[in-house]
Amino acid sequence: MKSNTQIFWEEKYHQQVTGWDMGIVSPPLKTFFDGLSNKNQSILIPGAGNAHEAIYLHQQGFTQVHVIDLARPPITHLKNHCPSFPEKHIHQIDFFDFKGQFDWIFEQTFFCAIPPQRRDEYVLQMHSLLKNKAHLVGLLFDFPLTDEGPPFGGSTDEYRKRFQHYFHFHKFEQAYNSHPKRQGKEIFINFQKK
């Protein structure tokens, strides 16, 4: 079954095969969020899953947080666990079909879930969803690329080649404060749209 289908992801949730879900806000992203002061900037979290990051931002007073997920179970989880999260900011849609413009897009295990042959398409879609000079911030996995995903791996060399024509690299380094299960396997990025 292809990993880019709604059925595939909903089956993962129904079978509780959700190894990507740490049950908490990703520590490197939480650290970054805690340094943001403008709580009215528009934020997108694609492939949000159970939306720990979105719920945290909402609870910290961020007013323009949007989430995308293809699967229904995580959308239901978000609505049940954070009833005050604005319904109009929850989008059950294929990322590649979504339209909008944002100040920030936060990446957390989404890129690695996309089949590798669609990675250039991902880069172009991220570029189109960001406002001029806006930022893509988050975590990319750092382990050998495999066909046996998701998650599919990747390396700094690959990411550099894919993103360099569309983004300036402000941060592109191994995360120092990853969750213990991900120590040494995450690259923290802060890419600004060219």
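Taken together, the values in this text are just the output of simple stated rules run on the coordinates, not laboratory data. Note that the structure is a prediction, hence the values are computed from the model and not measured. With ideal geometry, Cβ positions are generated from the backbone for all residues, glycine too; neighbour counts draw on all protein chains shown.
Quick notes on this structure:
- In order along segment 182-191, the Karplus-derived 3J(HN,Hα) couplings, from 6.51 cos²θ - 1.76 cosθ + 1.60 at θ = phi - 60°, round to 10, 4, x, 10, 10, 10, 8, 10, 9, 10 Hz, and Gly and Pro are given as x.
- Phi-based couplings in Hz for segment 39-48 (Karplus 6.51, -1.76, 1.60; Gly and Pro marked x): 8, 10, 6, 7, 10, 10, 10, x, x, 5
- Mean shadow area of segment 120-194, taken as a quarter of the surface of its Cα convex hull (nm²): 5.2 nm²
- Its residue count N sets the reference 2.2 N^0.38 Å, and the alpha-carbon radius of gyration of segment 19-139 equals 0.98 times that reference.
- The order of Ser128, Ser178, going from fewest to most other C-beta atoms within 10 Å of their C-beta, is Ser128, Ser178.
- Here's how it looks for Phe167: its modeled amide H is under 5 Å from those of Lys194, which are all 5 or more places away or on a different chain.
- Note, ³J(HN,Hα) from phi for segment 49-65, Karplus 6.51, -1.76, 1.60, rounded to Hz, x at Gly and Pro: x, 6, 6, 4, 5, 5, 5, 4, 4, 4, 5, 8, x, 6, 9, 10, 8
- Set Lys133/Lys161; Lys171/Lys194; Lys131/Lys181; Lys99/Lys131; Lys79/Lys171; Lys131/Lys171 screened for pairs whose C-alpha atoms are more than 23 Å apart: Lys131/Lys181; Lys79/Lys171
- Put in order of Cβ neighbour count within 10 Å, fewest first, the listed residues Asp120, Asp103 become Asp120, Asp103.
- Cβ-based charge dipole, the chain, positive-most Cα from His77, Asn190, Phe152: Asn190
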